[in-house]
Structure formats: structure tokens, C-alpha cells
Amino acid sequence: MNVELSSSDFTLDPYLVVDGSGASGPNWKHALKGKLKSLISADGKLFASTDEGYIYCFSGEVTPSPKTYSEDYKKHEKGSTQWKRFCSNLLEGLDRNIGFVIVDGIESGDLIHEVLANSKLHVIALDNDEALIEKQRGVFNQYGLLGKRVTLIKGDLSSIPFASYLAKAICSENCPPV
């Protein structure tokens, strides 16, 4: 099987072309947004990523409306004014572009939303309530953030051996914000 990146004579838009036969022309081709950065095959699928952050998944099944993720989490407005103010104070003076915040204890998930919406930091959130962890996983999965910017773990700080100086901040939703 040949896989190549090409463009037509009429456009400079890149295409991913998969040619399985070599004689009868390409089996299929698909336009990409951005330049192809990497290809990997797994589970009978071909995954392609571009320099603009797009990830494409190709398989034998036709999907009429592929799943896409947006940054709708930034529009999350259910958070209280107190959590918004707390997050603003928490992030003040921190480099918001890289690093981790640990949230030890979850109530509503509003603090996690605020950190994500107001920074590029990753959040590791801990709680002993498995049902609450699963509920929050569903929330962040719908935004495409689970495993990318949010990790939810059953447990607490005393039960998980994090490396020293891993997080820029450690906070909790189990205490009322000040």
C-alpha cells in the first residue's frame, strides 16, 4: 500500500492519497487542513495529524457526519462568581501556557472548567467518589478534553505518589472559595 501527500495541478491544498493497487489509480483521497505531520495505523484505521492540530481517522466505514470537538467548554457559564474569582486569583502570576494544576476533591467541576477556560494548563483532578469521577469524565469527554487537558483519577493526594513540584498549584472544590 502506498500512502503519499500530494496536491493537484489546480490547487495547493494538500491531499492524503492512499493507493492500494498501484494500477487503477488511488483507492481514495481526502483533503487535509494544514500540512501532514504524522501517520499511524492502529485497530484497522489510519490516523493522520496536521500542523494545524487536526486529527483525521480513516477506516472502511463511511461516517456521514464525523465527530468533531470544539472549545465550547470556554462558554461554560454555570460556574459561580466565587469560582471565577478564585480561579482568577489562583492563576494570577502563573505562566498559564504550560504545566499542571491538581484539583484534590471535586464537587461541581466548575473549578476545573474555569482553569481550562482561562489558561492552557492541564488539570489532574482527584476524588474518592467513583460515580462523580465517571460523571465528570463524560462531561469532559464531550468537549474532547478528557486525556488531553483533563485527567480524572479515583483517589486523593495521599494515595497517589505524584512527583515533587509537578503542579503549579494544588486546590480543591471541597472547600468554599475565598
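The values are calculated or read from the model by the stated rules, or taken from the named source; none is laboratory data. These numbers were taken from a predicted model, which means no experiment stands behind them. Every residue, glycine among them, receives a Cβ derived from its backbone with ideal geometry; neighbour counts consider all protein chains shown.
Descriptive notes on the structure:
- Selection of the range 106-132 for residues being assigned to a helix (DSSP H, G or I), within 17 Å of the chain's Cα centre (by Cα) and not small (Gly, Ala, Ser) yields 112, 113, 114, 115, 116.
- Lone qualifier among 141, 97 - being without any contact (Cβ under 8 Å) to a residue 60 or more places away in the chain and assigned to a loop (DSSP other than H, G, I, E, B): 97
- Checking each residue in the range 148-178 for being part of a strand (DSSP E or B) and of a type in the set (Val, Ile, Thr) picks out 150, 151, 153, 170.
- Top-ranked residue in the range 72-107 [being under 17 Å from residue 146 (Cβ atoms) and modelled with pLDDT of 90 or more; ranked as surrounded by the fewest Cβ atoms within 10 Å (Cβ to Cβ)]: 100
- Of the criteria (1) in contact (Cβ under 8 Å) with a residue 24 or more places away in the chain; (2) surrounded by 13 or more Cβ atoms within 10 Å (Cβ to Cβ); (3) not β-branched (Val, Ile, Thr), which one residue 166 fails: (2)
- Restricted to the range 89-135, and to residues there that are touching an Asp or Glu at 6+ places or on another chain (Cβ under 6 Å) and among the hydrophobic types (A, V, I, L, M, F, W, C), the residue that is farthest from residue 165 (Cα to Cα) is 133.
- Count of the range 26-38 residues which are closer than 20 Å to residue 61 by Cβ, surrounded by fewer than 14 Cβ atoms within 10 Å (Cβ to Cβ) and modelled with pLDDT of 80 or more: 1
- Take the conditions (1) more than 18 Å from residue 95 (Cα to Cα); (2) of a type outside the set (Val, Ile, Thr); (3) surrounded by fewer than 19 Cβ atoms within 10 Å (Cβ to Cβ); residue 152 misses just one of them, which is (3).
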